[in-house]
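Okay, structure first, notes after.
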Amino acid sequence: MPNPVRRPSISPRFSRSVLRRLAGCALALALTLLLQQSAHAQGGVVTGRVIDAEVATPMPGVTVELITGAGRRIQSTTTDENGDFRLEGVPEGSYSLILSAFGYETRRLDGIKVEDETVTVGGVEIMSRAFRLNPVVVTASREEERAFDAPAAVYAVEAEQIEERPATTAIEYVRDVPAVDVIQSGLGRSSVALRGFNSTWNSFLLVLTDYRRAAIPAQSLNAYNLISATDEDIERVEVVLGPGSAVYGPNTANGVLHFITRSPLDHQGTTASIAGGSRSLFQTTLRHAGLINPNIGYKISAFYFQGDEWQYVDPIEQLNRDAAIAQGADPDTLLIGRRDFDTSRFSGDARFDFRLSERSNLILSGGYSRMRSSIEQITTNTAQAKDWGYSYLQGRFRINNFFAQAYLNWGSAGDTYLLRSGERLIDHSSVFVGQVRHATILGERQRFTYGADLIRTIPRTDGTINGRNEDDDNITELGGYLQSETKLTPTLDLVAALRMDYHSLMVDDLVLSPRVALVFEPAQGQNFRLTYNRSFFQPTALWLNVDVVSSPTLAGLP
């Protein structure tokens, strides 16, 4: 008979040994997983949302990395379909967050401090490279549009570029913009011109801060060191080259310079900076913004600057001073030639934003700036500014395509005096502005924008600037405009505008300002523009009414 097949047998002792080993491995694995979960639970958490800066929509698939100061990666993830990300179990420490996506500029957030709690960075915007070349601007046509679609050359200086360049005045941020000429005339004082000759006071350039004229009331002089917007608060600066009278009215022959600040609804938190340098320069800035609720935001900002001005002695001032002393003037109280080279100034702003609906908002703001001491070159003389103050109140409202605003600018010359004559300057002037604007869109090819402006200038100088004209120097200006934008083809746009302006002290008829432009975009990132503009200059309240001694002849000069 054939031998039966023997089946292998397993001893009970061997079976129990293998089972014990398997059980031990399973227990060790479970303990490892439990320890890892415990470590994650004990570590910090970093969360946030990534948003496309161009269309303000969440971005999925963005790579998010958390790194140390030495560049070592701690954790990484990608955003979900809602643009959200979450990094768990982060050890305590200070890190940087790196956001990157194909076709977008890499965004870096520094100073993220993690403890045993959740750290939320909020909505973080990243910008496409194409958007950087062709950003959305609001200054050229007083409505949102692409820079390449605008009827004039527009350049935008973004917040990232501003953060990289600390400055003593906001005008420093446009120094590298084409066709812009910036001349530093003091430690914290500069003058600027667009497409034209520069001068100490250039009235041919319209300067705006959040759609508000920033010039000194009555004198219509652009004192950039009185602009209260700080480095941390400026979102971008838009520069429009060429005449802007067709939509802005008179005295914009060379262009428009617009400082736009950040909304507290979009940018919360506290930032501060301190800077110093030669000539005892010291400056500090502060911005704090927060939310009262998701639809109401507030912010405050402050700035302080001081330093030692470059010393210069005007020979005419010295001659006049010596002559006045020879005639018996007290040298201890004589103001002629008394220059204070210790310059300082400070400013502050407050703002409330109300989101009334998805397409409507109300913004209320106010600010104050004061030159405690500064040597200022004015049109007729050099002045020693002492406690020269500048204030504003502004309200803006927008719903769909309708925009309205009203604001009041006013100032006080403090104890300012002219250095060549020693005469006091008194200036309590004010300017009130009301504006309305609306846009009508017909189909996909036609858009009309129209609006009206009222400017009421009230000089108050107690005879020190306007002299004999003090009782007859109020000015009322009215203007209205219509602009048509027609898309002739997908790559060719026609822009035409006409504005009429009235000036209460000018005897001529209404002044017309036309504009015609053809804008051709053969490909993305390329455009050609052919424009015709006619701009005009109207005398300001200062030019029409000034009545002040330019320089006395105490020294017997001709």
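The values are calculated or read from the model by the stated rules, or taken from the named source; none is laboratory data. Quantities reported herein were computed from a predicted structural model and do not represent experimental measurements. Cβ atoms come from the backbone with ideal geometry, glycine included; neighbour counts cover every protein chain shown. Surface areas here come from the heavy atoms of the whole protein model, side chains and all, with no ligands, DNA or RNA. Shrake-Rupley method; radii C 1.70, N 1.55, O 1.52, S 1.80 Å.
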Once the whole set of protein chains is in place, how much accessible area is left on ARG49, using a 1.4 Å probe, in Å² to the nearest 10? 90 Å²
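Ordering ASP80, ASP472 by accessible area with a probe of 1.4 Å, largest first, what comes out?
Numbers: ASP80 60, ASP472 115 Å².
Per-residue accessible area, sorted high to low, gives ASP472, ASP80.
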Could you tell me the accessible area of TRP310 in Å² (1.4 Å probe, neighbours in place), rounded to the nearest ten? 130 Å²
Residue-span extension gain [GLU470 to HIS428] - 0.36 nm each, minus C-alpha spacing: 13.9 nm
So what is the diffusion coefficient of the range 268-381 in µm² per second by Stokes-Einstein at 37 °C and 0.692 mPa s, using a Kirkwood Rh over Cα pairs? 181 µm²/s
Return the label of the correct value of Kirkwood radius over Cα pairs in Å, as calculated from the structure shown, out of [x] 28.6; [y] 27.5; [z] 24.4. [y]
Computed over the range 98-245, the distribution of all Cα-Cα distances in 5 Å bins, rounded to whole %, is 2, 8, 15, 19, 19, 13, 10, 7, 5, 2, 1, 0
Which whole-Hz couplings ³J(HN,Hα) result when phi for each residue of the range 47-54 is put into the Karplus expression 6.51 cos²θ - 1.76 cosθ + 1.60, θ = phi - 60°, listed in order with x for Gly and Pro? 10, x, 9, 9, 10, 6, 5, 7
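What part of the accessible area of the range 450-524, given as a whole %, is carbon or sulfur when the probe is 1.4 angstrom?
Working: 2400 of 3930 Å².
Accessible surface attributable to carbon and sulfur in the range 450-524 totals 61 percent.
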Heavy-atom accessible area of GLU81 with all protein chains present, probe 1.4 Å, nearest 10 Å²? 140 Å²
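Please give me the summed charge of the neighbours of GLY389: other residues whose Cβ is under 12 Å from its Cβ, Lys and Arg +1, Asp and Glu -1.
My count for the surroundings of GLY389 gives +1.
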log₁₀ of I(q)/I(0) at q = 0.13, 0.15, 0.19 Å⁻¹ - the range 339-394, Debye sum with one point per alpha carbon: -0.50, -0.58, -0.73
What is the helix-to-structure angle for 12-42, meaning the angle in degrees between its Cα long axis and the longest Cα principal axis of the chain, kept from 0 to 90 and rounded to the nearest 10? 10 degrees
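For the chain, what is the relative contact order in percent, using Cα pairs closer than 8 Å and at least 6 residues apart in sequence?
Working: 1353 pairs, mean separation 52.9, N = 558.
Relative contact order of the chain: 9 percent.
Placing unit charges on C-beta atoms (Lys and Arg positive, Asp and Glu negative, everything else neutral), compute the dipole magnitude of the range 132-245 about its Cα centre in debye, rounded to 20.
Details: 10 positive and 17 negative charges, 117 e Å.
For the range 132-245, the charge dipole is close to 560 debye.
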Within the set of other residues whose C-beta is less than 13 Å from the C-beta of GLY434, count the net charge using Lys and Arg as +1 and Asp and Glu as -1. +3
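Beyond 20 Å, what share of the Cα-Cα pairs of the range 334-456 is found? Please give it as a whole percent.
I get 60 percent for the Cα pairs in the range 334-456 exceeding 20 Å.
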Can you list the residues, at least 5 places off or on another chain, whose amide H is less than 5 Å from the amide H of ALA153, using H built in the peptide plane? LEU241
Return the aspartates and glutamates within reach of LYS386: Cα separation strictly under 15 angstrom, same-chain partners fewer than 8 residues apart disregarded; answer none if there are no such residues. GLU309, ASP340, ASP342, GLU376, ASP415, GLU423, ASP427
Working from Cα positions, state the angle (0 to 90°, nearest 10) between the long axis of helix 315-326 and the longest principal axis of the chain. 50 degrees
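Let me check I've understood the local charge: for SER513, count other residues with C-beta under 15 angstrom from its C-beta, Lys and Arg +1, Asp and Glu -1. What total comes out? All intermediate terms of the calculation are to be shown ahead of the outcome.
Details: positive: ARG142, ARG499, ARG515, ARG534; negative: ASP453, GLU477, ASP501, ASP508, ASP509.
Its environment carries a net charge of -1.
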Excluding ligands, DNA and RNA, what is the solvent-accessible area per residue of the range 183-279 at a probe of 1.4 Å, expressed in Å²? 30 Å²
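Using a simple charge model, +1 on the beta-carbon of Lys and Arg, -1 on the beta-carbon of Asp and Glu, nothing else, what dipole does the range 288-390 show about its Cα centre, in debye to the nearest 20? Don't skip to the answer; put the middle values down first.
Numbers: 11 positive and 14 negative charges, 136 e Å.
Roughly 660 debye, rounded to the nearest 20.
For the range 136-231, what % of the accessible area comes from carbon and sulfur atoms, probe 1.4 Å? Walk me through the intermediate numbers first.
Values: 1550 of 3210 Å².
Carbon and sulfur atoms account for 48 percent of the accessible area of the range 136-231.
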Under 12 Å Cα-Cα from LYS113, which aspartates and glutamates qualify once same-chain neighbours fewer than 8 residues away are excluded? GLU92
Taking H as built 1.01 Å from N, whose amide H comes closer than 5 Å to the amide H of SER430, not counting residues under 5 places away? ILE458, ARG460
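How large is the dipole of the range 419-508 about the Cα centre if only Lys and Arg carry +1 and Asp and Glu carry -1, each at its Cβ, rounded to the nearest 20 debye? Don't skip to the end; give the middle numbers.
On the way: 10 positive and 14 negative charges, 82 e Å.
Dipole about the Cα centre, nearest 20: 400 debye.
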